[in-house]
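The values are calculated or read from the model by the stated rules, or taken from the named source; none is laboratory data. Since we're looking at a predicted model, the values are computed, not measured. When we count neighbours, we look across all protein chains shown, and the Cβ atoms used for this are built from the backbone with ideal geometry, even at glycine.
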Amino acid sequence: MAYKQHVECLQQGIEAWNSWRRKTTNSRPDLSGINLSGLNLRHLELRYTNLSNANLSKANLRGLNLTQCNFFGTNFTGANLSGAILHGAELSQADFFNANLRDASFENATLNNVVLREVDLSGMNFKNASFFGSDLTKCDFSGSDLSGAVLSSTKLDLVNFFHANLERANIIEASVKMTVFREAILDGAIIQDTDMQEANLTFKEKLRLRLHGKL
């Protein structure tokens with residue numbers, strides 16, 4: 001539940017909120033469960049804010065720095081997160097249906113148990129991000145940086161990892177039916193209990209994986 005004083009401060013407007021944040025640089029605002037649907041939040045200082053279970057549907061968060069925010073179970077339906085910085089953010093069980101994630105950065109973010117089906121996430125930063133137990137069916141990660149990412153128990157069927165960086169990624173007990181790994185970087189990746197035979201691999205890729213004991 002949101003902290004009453006923090007909600008009251010936000011109700012005073014963007015300038016009042018940002019002024020308070022500047023004066024209290026170590027603050028960790030609690031706006032959990034708040035309804036900010038449809039609002040333009042682009043100029044708010046929201047880093048380190050607890051917005052878990054909040055309603056941010058159709059909100060405009062474009063380009064915002066949302067470093068280490070807590071968005072656990074948050075509703076982002078139809079929200080604009082394009083270009084947002086979500087480094088270290090907690091996004092597990094968030095609802096991203098029809099959200100615009102184009103060019104957002106998710107380095108060190110936690111996206112466990114989320115559904116992101118058929119989303120264009122190409123060329124984006126997911127370094128050290130965690131997708132444990134998530135459904136990423138038919139997503140396009142071509143050219144994306146997923147180095148060190150956790151993709152364990154993740155549904156990766158028909159995902160496109162063309163030219164993606166999966167160096168040191170953790171791919172344990174994942175589903176990879178017809179998944180494209182063409183020209184992906186898999187150096188140091190931990191692939192266990194994942195049937196790579198089901199993936200869409202060329203002979204050269206299969207040979208390389210077999211020689212490294214990953215097939």
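Looking only at segment 78-91, residues that are within 13 Å of residue 51 (Cβ to Cβ) and assigned to a loop (DSSP other than H, G, I, E, B) come to 6 in all. Here residue 39 fulfils each of the conditions (1) surrounded by 15 or more Cβ atoms within 10 Å (Cβ to Cβ); (2) at pLDDT 95 or above apart from (1). Scanning segment 42-81 for residues that are out of contact with any Leu (no Cβ under 7 Å at 6 or more places or on another chain) and of a type in the set (Gly, Ala, Ser) yields 52, 57, 63, 73, 78.
Of all the residues in segment 102-155, those that are acidic (Asp, Glu), within 21 Å of residue 66 (Cα to Cα) and in a loop (DSSP other than H, G, I, E, B) number 2.
Considering (1) surrounded by fewer than 20 Cβ atoms within 10 Å (Cβ to Cβ); (2) polar (S, T, N, Q); (3) under 23 Å from residue 190 (Cβ atoms), say which one residue 93 fails and leave the rest. All conditions pass for residue 93, except number (3).
Considering the conditions (1) crowded, with 18+ Cβ neighbours inside 10 Å; (2) part of a loop (DSSP other than H, G, I, E, B), residue 205 is excluded by exactly one of them, (2).
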